[in-house]
Amino acid sequence: MKVGASVLACCCLLIQVLGLALFLRGFFPLPVRSQARKSSISEIPAEPWAGKTSNWTQLPHPLFKKVVIVLIDALRQDFVFGVKGKEHMRYVTQLIEKGSTLSYIAMATAPTVTMPRIKALMTGTIPGFIDIVVNLNSPELLEDNVIWQAKQAGKRIVFYGDDTWIKLFPKHFVESDGTTSFFVSDFTEVDDNVTRHLDDVLKRDDWDVLVLHYLGLDHIGHLTGPHSHLIGPKLYEMDFVLKKIHSALSSKDEDPSFPSLIVVCGDHGMSEAGSHGGSSDEEVQTPLVLISSAFQNKAGTFKEPEIIQQTDLAPTLALGLGLPISRSSLGMLLPAVVEHKTFREQLRFFHLNGYQLCKLLKENLRAYEKDDGVEQFKKAEKLHANWIKLYLEGNTSEVLTNLGRKLIKQYLEALQKLSASLSKQVVEYDIYSMTVGAIITLEMFFLLLICVPSALSSKAEFDLPLASPIFSLFFYMTCLVLAAVHVIVCTSTENMCFFCSISWMMAMAIMVLIAALLCVLLSVLGKIILKHKSSNEKQSSSMSSWSELDLLLLVGTLGHVLSMGASSFIEEEHQTWYFLINTLCLALSQEMCRKYFLVRKRNKMNTSDLEYMEQTDVYINEIYDAHKKELKEERLSILERFIKDNEKWIALASPGIILICCRLLRPLNQTGVQWMHRSDFGHWLTSSEHKPELSFLVGTCLVMIFVLIQGKCSLVSKVALMFGLLGVYCYRATIGHVLYPWQQDTKDITKGITEARFVYIFVLGILITGIKDLLKSHMMCADYKAKSMGLWEVYSGLVLLAALLFRPHNLVVLVFCLLIQIILTMFIWKILKYDAAQITFMHYWFGQAFFFFQGNSNTISTVDISAGFVGLENYVEIPAVLLTAFVTYSGPLLWSMHLLCYLNGEINKTSTAVAHGCFSYAIIRSLPVTVYILLVTGFRYHLFIWSVFSPKLLYEVIHLVISAGICVTFTVVDKNQVAKSEH
Amino acid sequence: MDETEIRRLSVGHVLCGLAVLFSLCVPPLLLDEFSLLGTHLTWLCICSVCVVTVNVLLRLTLKPNPSTKRSSFAHKVNKLKQSGLYFFVSCLLFHGIIVLYGAPLIESIWETFLFAVLLSSFTTSRCLCILGPNFHAWIRVFSKDGAMSVWDHSLQITTICSIVGAWLGAFPIPLDWDRPWQVWPISCSLGATFGYVVGLLLAPFWIYWNRKRLTYKSR
Ligand SMILES: [Zn+2]
Ligand SMILES: [Zn+2]
């Protein structure tokens, strides 16, 4: 079957997306969960007993009357226990030194982002990596958790602070006041909003649990880093709040055996650069301080805080409040909390904890009985029963005490082992699904690879031997073998894997797909080998025709792919791309020099060459007709003449100009890890003192965008574009980023919803005009101009959307992007004639570089979530996700759209330009993804797998999904073209 | 393109290589506290001076491209001046390119500049000594099939090798190994030097290997 190159590329990418989805499902395991979601009180195990029936079947009584949880966002361990804490948090330090507290260093797991951390603290689970993606929105927490249990038990919970909690626990609080972290630049009001309720609440007595979530510290960290002068006062403020709570509560503590508890903790730390999300020590280590008069009687010697897991808080809190431990909690009770209780009570607590962990393990591990922790727990349980028997018999000798001590030790060991083997379950990979996904991806990549010669030929067609698999024995054999493998794997494997759990019809369909692809691959390969044997010489000649630029493009692309094997190169990927485009520009400038300084001699020799050049010049002039006409209309003929007269020098200088543009963009957003701390221009601009400068810059940029982009638009969309850009400025002004020239003081800041929607309307208008033009060109087959205009309008609509959504200082990136594109098309592509594949590669490189120029990196923490809220009253999932994805990938997206516009203009010369471009784009995208999933599979036990490799995997996969969308667009435009040429 | 020419070329290359070796071995004997990594700037100066001196000496003794017409003393002085200017401009140009590649603009400006000087002495000084301050000849030599003598070929090879060496030398910088040689510009200058030496060694062999093809082409 004959298939066009673009259709083939498009199908390959789409199937690859399917394979990757399967791979990801296996790679990011779902967190360890209990099947039944919420536990009920009836499932409480009784005290172990031997002979006599124990009379204690109820839950033990709560340890604490009231609990106040003070969660200080991004509270790093050394902010409490280090020098900073000693200096600024005097009250807490005093308490710690007096020995009236229990202090720990709680280790958070990556991803160190707020929502997964709150989940970990309240459910005791380790949220899977995939929860990060869900962090962008915050749906209700359906899992069993402390807050839910407390509510079920009739406790009254009051909450003030980050509204993530209200989204996670809707209707759980009797009273709440959420503050959004919408304006990250605000760090006083978010905390005042919490503190203002304190006096009132502390006076009252109608609550049992009070949760406070302070955001200010996190905001300070994001804005100025952990060493800024703002940190000290903020810590002092927090210390003051704690003092207030502590004195208020201790004045109310009437019954010394039933005191209150204050829990001070951080959800995650703060890196040296002030952000979080990774797994460096600074981000992972958070303090956990438990303050209660119950711990008063402990020896007053101060010792180093013990290291525990963040998940340990959930069971401790649950038992402290007299609630059942949540089902899927992995944590273990902190023994020091119950130390002052009687042996019987202590043993009861440990037994409850162990019982719950065993049950969870049973649900998640098939061979759970062989587990060390389970065995030890069973032994301890038996001993416990004996102990109870002795106890109930009235034995009070020393034997009982000693036995009790030994028993506690045994219980603790068992709990530790159970907790550890459960945590290990979280990072268990589903190798089978991963393999199947990887095989599909690999097959598609190889199919693309072996199609290269025929797809990039002048016909841009590929003969896909679809018939051969259906009639070959090999195909049926492979199907049978794969089916057998599937049955064997799924019946024998210990862990549950995803691919086994889907319906067998689906599984079989995928197996048949794999087998068919294998047959197609083999038959194509066989054909190629036969051909190759007959024409060996041809191959060598085609190799020598490669220019240095081809070599550079190939080596650069391959080098980048290989560099992904090192974690530092992933962290600093922007450096690789900046380096590569720099080299590319130098290579272009060298070619340009050769062209101008060497061609002269040759022109004298053969005039036919000159003639040819003139011909093509005429043709190219035609393409830029629209643009030049525009220039004329605006009476810029002087500029035009200037360009024509000095074309040589402008062309020679243009690579240099591009280089300088790129160098200027570099310090705008420092990304990566190693040089993150360097001052960047973006921060300088967005700080509140430099609002006038930013306003001027934004204004200039918007005008520049209009000037650069309006040339090829129709009149209607030009007007719409103008209004849209004006709207963008108004939006920025109402949101408080920039100032109006006539108004120096900032008035009240709003979300700017009307203005943003105003711009959205124009974006939609321009896009619809463009699509209408495209459809029109499709209907009336000869209308070439309408088509290129339509494409350009779609492109300018996207630019307008980007201008609205970008962070204000990033408009500079957008302007430089447009400028470089115009320089490339007007001077470089026009003079140095490259084929579609080469131009696609170069566009791809620039797109990648612009991805990083706009401040992205390969860590999750740089995703600009605020873009998802533009013009929306509340969080709405689908638009927010789409907008965030658009903003994040706008660099590659805009460059590939520009590529489409350019190649479409090229179609007059070579009718296969778009098809070639599409195919090259598909292969250049599928190469890194394919290699990367193999690398990641190899590195799955690497130390940095969660902090470096996994985020990059997510970025790559989402990029591939977007590229598949782009390829579909290419194919649609190309189909149009094919249909037209057939007429 | 006979054997003697290649032999003369090899001698020249060996001398150039010895100059680099000299800059590595002799200074530690004369200067205290000299080390390649510790006092890198001093080494950059010494190496550039050595390489340039050897290049000039070779130019005077081996006379790679003997000019047909005799030139007056004034003409020679003029050429010398021009060469000096070219060398300085090439240093600035390299400096600019390095900054474009991402070297910091203001801090460690001396490191960047001396690295540019080193690159110029590996590339431009050789060009000046072999081709003279003649821009068109340079462009001819560095374009496809433009080389017309053994010397042109050796020039092509050493220049490309040193620049590629410097280019590759930048790669270890982002790695988080915290080694002393990852500091800017040590890895790059070492890469350039290594590339230069490899180019010097490679060129005679390559030319000898391809001598038949080359004789054919240069006619
Ligand atoms: Zn947080
Ligand atoms: Zn944060």
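The values are calculated or read from the model by the stated rules, or taken from the named source; none is laboratory data. Quantities reported herein were computed from a predicted structural model and do not represent experimental measurements. All Cβ positions, even for glycine, are placed from backbone atoms using ideal geometry, and neighbour counts span all protein chains on display. Accessible surface areas use protein heavy atoms only, side chains included; no ligands, DNA or RNA. Shrake-Rupley method; radii C 1.70, N 1.55, O 1.52, S 1.80 Å.
Results, tabulated for the structure shown:
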| item | result |
| --- | --- |
| Average partner coverage of A:656-666, which counts Cβ from other chains inside 10 Å | 2 |
| Highest average packing first - A:156-164, B:79-87, Cβ atoms within 10 Å | A:156-164, B:79-87 |
| Accessible area of chain A divided out per residue, in Å², using a probe of 1.4 angstrom | 43 |
| Residue-wise HN-Hα coupling along the range A:650-663, computed from phi with Karplus coefficients 6.51, -1.76, 1.60 (Hz; x: Gly, Pro) | 5, 5, 5, 7, 4, x, x, 4, 4, 4, 5, 4, 5, 5 |
| Fraction of accessible area attributable to carbon and sulfur, the protein assembly as shown (%, probe 1.4 Å) | 65 |
| Average beta carbon contacts from partner chains per residue of B:167-179, 10 Å cutoff | 4 |
| 27 Å Cα-Cα threshold exceeded, pairs from A:K86/A:K691; A:K171/A:K234; A:K155/A:K389; A:K203/A:K234; A:K155/A:K378 | A:K86/A:K691; A:K171/A:K234; A:K155/A:K389; A:K155/A:K378 |
| Pairwise centroid distance, computed over Cα atoms, of the range A:659-723 with the range A:447-517, Å | 48 |
| Amide hydrogen neighbours beyond the local backbone of A:A110, cut-off 5 Å, H modeled | none |
| Interface B:A - total buried accessible surface [probe 1.4 Å, Å², rounded to 100] | 2100 |
| Shape call, the range A:69-324: gyration tensor on alpha carbons, a/c limit 1.5 | rounded |
| Folded to 0 to 90 degrees: helix A:691-709 orientation relative to chain A principal axis, Cα | 40 |
| Cα gyration tensor, the range A:228-354 - rounded (a/c under 1.5), prolate or oblate | oblate |
| The range A:313-453, relative contact order in percent, only Cα pairs under 8 angstrom and at least six apart counted | 26 |
| Interchain or long-range residues, amide H under 5 Å from A:G672's placed H | A:N858 |
| Rounded to whole Hz, the Karplus (6.51, -1.76, 1.60) HN-Hα couplings of the range A:790-797, x for glycine and proline | x, 4, 5, 5, 4, 4, 5, x |
| Of A:K167/A:K362; A:K644/A:K718; A:K648/A:K718; A:K909/A:K975; A:K772/A:K833, those spanning more than 28 Å from alpha-carbon to alpha-carbon | A:K167/A:K362; A:K648/A:K718; A:K772/A:K833 |
| Amide H within-cut-off set for B:F34, under 5 Å, with H built and near neighbours excluded | none |
| Three-way shape label, the protein assembly as shown, alpha-carbon gyration tensor, a/c 1.5 | prolate |
| Average Cα contact separation per residue, chain A, under 8 Å, 6 or more apart, as relative contact order % | 16 |
| Span-rule helices in chain B, defined as complete DSSP H runs reaching 24 Å or more along the axis (Cα) with Kyte mean at least 0.0 | B:3-25, B:40-62, B:73-100, B:150-169, B:186-209 |
| Cα-centre dipole for chain A with unit charges at Cβ (Lys and Arg positive, Asp and Glu negative), debye to 20 | 1380 |
| Degrees separating the helix A:607-623 axis from the principal Cα axis of chain A, which is the longest one | 60 |
| Cα-based helix-to-principal-axis angle, A:504-534 vs chain A, degrees rounded to 10 | 40 |
| Among the listed pairs A:K252/A:K341; A:K66/A:K409; A:K531/B:K212; A:K65/A:K303, those beyond 31 Å (Cα-Cα) | A:K531/B:K212 |
